[in-house]
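The values are calculated or read from the model by the stated rules, or taken from the named source; none is laboratory data. In this text the structure is predicted, and so the values were computed from the model without any measurement. In this analysis, Cβ positions are derived from the backbone assuming ideal geometry, glycine residues included, and neighbour counts consider all displayed protein chains. For accessibility, only protein heavy atoms count, side chains too; no ligands or nucleic acids. Shrake-Rupley method; radii C 1.70, N 1.55, O 1.52, S 1.80 Å.
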Amino acid sequence: MITELARLVIDRAAPDELMTFDEVVEEYYAHPQSTLMLIKKDEAVGFGLELVLLTPFAMAVAEFVIGFVGDLLRDVAKDAAKSPISDALKRVLRGRTDQASPPDEMDLTKAQRAQIFAAAKEQSARLGLDEDKAVLLGNAIIGVLGN
């Protein structure tokens, strides 16, 4: 799941990296910390250009975000379970038998999207990405996760 999310993020944020994505991911899984450390050096490649691959950062941030979203959805599920139980109890106490069916799926709210964006951006910054790239990854993750 991490690799799939990271691939979708890279497709949005740095599509030119898709050609080397699989190789970078292999190296990331073999040596995650050293992959990030090598990239954090920001050494010039030539002609005054700096090469900073986003793929290892996308992998690390995707792993973090998947855990974060899992926690967020667990909280939502707990709240969703409480509401129908509470409503059913209230109906029984009032003698009502009509039941509203729960929604089939839960969409992320604006507040949840903001939390995920902030978490992704903060994790990117902790990993050493500059503000612009951290925002880029945060936006790409929100774009992948949808409305």
Give me the pairs: first residue in segment 1-13 and in a loop (DSSP other than H, G, I, E, B), second residue β-branched (Val, Ile, Thr), beta-carbon distance under 7 Å, and six or more apart or on different chains, which are they? Met1/Ile66
Has segment 94-106 got at least one residue that is open to solvent by less than 80 Å² (accessible area, probe 1.4 Å) and at pLDDT below 90? yes
Kindly establish whether Asp71 is acidic (Asp, Glu), in a helix (DSSP H, G or I) and modelled with pLDDT under 90. yes
Restricting to segment 6-34, and then to whatever is aliphatic (A, V, I, L, M) and closer than 15 Å to Leu136 by Cβ, can you tell me which residue is most open to solvent (accessible area, probe 1.4 Å)? Leu8
Single residue of Ser124, Ser83 found to be of a type in the set (Ser, Thr, Tyr), in a helix (DSSP H, G or I) and modelled with pLDDT of 85 or more: Ser124
Say whether the condition of being out of contact with any strand residue (DSSP E or B) (no Cβ under 6 Å at 6 or more places or on another chain), assigned to a loop (DSSP other than H, G, I, E, B) and within 20 Å of Met1 (Cα to Cα) is met by at least one residue in segment 131-140. no
